Every structure is written in C-alpha cells, then in structure tokens.
Amino acid sequence: MNNKARGGKSSELMVASLLTRNSIDVYFPIVDDIAIDMIIRTESIYYDIQVKSVKNYNRIVGVKELHSKNKNYIIIIHYRHDKKNDEFFYLTLKQAKDQWKEKNKNGDINKWGDLIFNKEHREKFSTQNLEDLASKILLGKLKT
C-alpha cells in the first residue's frame, strides 16, 4: 500500500470538494504527467492546479519546472494534521517562483526543487485559503 500516494490523492479530492462547495467548477485530467492535478474554471478563465499534500512544516517537496507553467498556475498546499484541523494555503505562480528562488538562491528555476514554507510564510499567506481563492476567482480578482 502506497500511503504517500493515498495521502496525495485524498488531498486532491478534499481540495476539489471544498472548491466545488464554493461554486467553482473542477475538472480532473486523465493523466497527471505535467504536474497538474486539476483544472478549475470560471466562464472565461482556466486555472491549472497542483495540490501538494504535506505532513511536515517548512518545505514543500517536488515543485517542478515553474518556468513552463501558464500564468494561471496555482499551487495549493494542504497540511494534513492528526490532532488539529487541516490547513490549506495557495500560491500563485509568481508567489511560488519567489518562494522557490528564496530556497534555491543560486539554483536554476527550470529544475525540480522544494519550496520554503515555514512559520513566517504560513503567517504571511494566512489569508490565502481555499475560501479566499474561490471568492477571488468568482469575482475575477485573483492576481496571477
């Protein structure tokens, strides 16, 4: 049994459920070979979504090829907790690139890498939860 894969898929389904409950249309690709777990859309705009499921604080592992993502790419971070409520954050492509560069100061953004997302970052992005994401998308106010 691959518990890591199960944790990742359960996070994707939780995110999809919460977005759907907030009036967002969610679509799943048949194959996830370009790091897109789902697509969400409004009447005229599509967003590529990558969900990262983590149990540990401080870093998000395996962020891939940010240079090739479309401008409407969003990373949703799901912290799975055993003894308290789960946490959800989102980063736009620009924010993800900034976080990636912070960790990999001399690195090549074209490669795989980890994002730094420690307590300071969780506080900085604390209002960027799924309800906020859904609201901004529906109002056309998400800055990508």
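Read-outs: derived from the displayed coordinates by stated rules, not from any lab. Values in this document were obtained by computation on a predicted structure and should not be read as measured data. Backbone-built Cβ (ideal geometry, glycine too); neighbour counts: all protein chains shown.
Side notes on the structure shown:
- Cα→Cβ-extended label distance, 7 Å offset, between residue 33 and residue 85, nm: 4.0
- Residues of segment 123-144 with amide N under 17 Å of a point placed 7 Å along Cα→Cβ from residue 44: 137-144
- Pairs from the list 55/97; 55/141; 55/84 with a Cα-Cα gap above 20 Å: 55/97; 55/141.
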